[in-house]
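This report refers to the structure that appears directly beneath it.
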Amino acid sequence: MAGICWRIYWQGTKGSAAMGVMFRKRQKFGPLIFNFTEHGFSSWSIKIGRWSWNSRSRAHRVDLPGPLSWKQNKSRSRARDRV
């Protein structure tokens with residue numbers, strides 16, 4: 001059975017001391033991870049070993065030893081310019 005993880009993030013608003021609450025839900029099925037927000041489905045990711053890819057940001061990530069990681073962004077604007 002896949003686990004369900006709820007995360008609560010505190011977001012500050014510009015020019016104000018007020019904080020907003022943002023809910024995220026993550027559901028894992030083996031190497032596939034589905035991300036949900038309070039508005040519904042957000043994105044999906046795949047994680048194999050130390051490598052991962054996210055459908056929304058189109059970013060490749062590799063976990064490095066210790067607290068380090070490497071990230072390569074795949075900009076959507078570049079893909080649109082080529083078409």
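Data for the structure
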item: Rounded accessible area of I48 (nearest 10 Å², 1.4 Å probe); result: 100 Å²
item: Chymotrypsin sites (Phe, Trp or Tyr not before Pro) within the range 19-64, DSSP loop, no more than 11 other Cβ atoms inside 10 Å; result: none
item: Spin-label model distance (nm) - L64 vs F23, 7 Å beyond Cα toward Cβ; result: 3.8 nm
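The values are calculated or read from the model by the stated rules, or taken from the named source; none is laboratory data. It should be emphasised that the depicted structure is a prediction, and the values quoted were computed from it without experimental measurement. Note that we place each Cβ from the backbone using ideal geometry, even for glycine, and neighbour counts take in every protein chain shown. Note: accessible area is taken over every heavy atom of the protein model, side chains too, but ligands, DNA and RNA are not part of it. Shrake-Rupley method; radii C 1.70, N 1.55, O 1.52, S 1.80 Å.
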